[in-house]
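The values are calculated or read from the model by the stated rules, or taken from the named source; none is laboratory data. What you see is a predicted model, and the numbers here were worked out from it, not measured in a lab. With ideal geometry, Cβ positions are generated from the backbone for all residues, glycine too; neighbour counts draw on all protein chains shown. Heads up: the accessible areas ignore ligands, DNA and RNA and are worked out on the full protein's heavy atoms, side chains in. Shrake-Rupley method; radii C 1.70, N 1.55, O 1.52, S 1.80 Å.
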Amino acid sequence: MTKNNREFISTISFSEETLAATGRLLEAFNITYLIDSEWDYAYTGPTDHPILNNLDPLKRAKNVELHKLSSIIKILILTSDDRKEVLKRLSKMKVVVHIHGDEGIFDISPEGIDKWSGLQQLGVKEREYIAFGNDSNDRTMFQHAGHTVMIGDNQQLKPFASEQLFIEQDIERKIINRLDKLASPHMLQI
């Protein structure tokens, strides 16, 4: 399947049963969300939420009503009336939940979907890559990497981090410099 000359290798979406249960949660707990499909998304959060700055910088996807999404591959819960109860109910469903403590949000993916499984689909082998990450959803990617760089301070990633870059002014430049240094010994000789 292609969209705008981009090829999808594969996508895995939520089951109808899981979507129905999630829909009931959205309504029961007045949840604001960002829900991704294979291309477009549905967003009900505040217009000044920081996630909007990084969501679709090239404006290739559309923010559509939830019922117009063809298949749902990820749900990001921004706010709810009772976060603890929502998490409790999600723990009984066939989903993976990543809690982003610093931001007060959490994301939900179909069971068995994570960054490491995505890398495997691309043919990446265990211990043969360098991973940069900043949050709990990077954990599986970190567990299988040859070297890892944690951006910021995440307690769930810390045990798997080879090194850490602290978030401060000019963090982008520090990441670029670290990428250059780590890539140098691995560059192909031509």
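Quick notes on this structure:
- Share of Cα-Cα pairs in the stretch 64-111 lying beyond 18 Å, as whole percent: 34
- Rounded to 10°, Cα long-axis angle of helix 171-183 versus longest principal axis of the chain: 50
- Within the listed set Glu172, Glu111, Glu16, the Gaussian network model of the chain (springs between alpha-carbon atoms below 10 Å) gives the highest mean-square fluctuation for Glu172.
- For the chain, built as a Gaussian network whose Cα springs stay under 10 Å, the top-fluctuating residue of Pro57, Pro159, Pro110: Pro57
- 3J(HN,Hα) couplings calculated from phi for the stretch 49-65 with the Karplus curve 6.51 cos²θ - 1.76 cosθ + 1.60 (θ = phi - 60°) are, in sequence order, 5, x, 4, 5, 5, 10, 4, 8, x, 8, 6, 8, 9, 10, 7, 10, 5 Hz; Gly and Pro show x.
- Summed residue charge, Cβ within 11 Å of Lys68's Cβ, Lys/Arg positive, Asp/Glu negative: -1
- For the stretch 59-153, the carbon plus sulfur part of the accessible surface works out to 47%, probe radius 1.4 Å.
- Between the C-alpha center of the stretch 13-88 and that of the stretch 102-164 there is a gap of 22 Å.
- For Ile105, residues with placed amide H under 5 Å, excluding near neighbours: His100
- Subset of Lys115/Lys158; Lys94/Lys115; Lys74/Lys174; Lys158/Lys181 violating a 24 Å alpha-carbon distance limit: Lys74/Lys174
- Accessible surface, per residue, of the chain when the full set of protein chains is kept, probe 1.4 Å, Å²: 65
- Surface/4 of the Cα convex hull for the stretch 10-127, nm²: 8.4
- Taking a straight Cα-Cα cut-off under 17 Å and skipping sequence neighbours fewer than 8 places away in the same chain, the lysines within cross-link reach of Lys84 are Lys92.
- DSSP bridge pairs, the stretch 57-190: antiparallel proportion in percent, nearest 5: 55
- Loop-located trypsin sites (Lys or Arg not before Pro) in the stretch 56-86, at most 16 other Cβ atoms within 10 Å (DSSP): Lys59, Arg60, Lys62
- Degrees, to the nearest 10: 16-28 long Cα axis against longest axis of the chain: 70
- Here the Gaussian network model covers the chain, with springs between Cα atoms less than 10 Å apart; of Ser80, Ser37, Ser91, Ser91 fluctuates the most.
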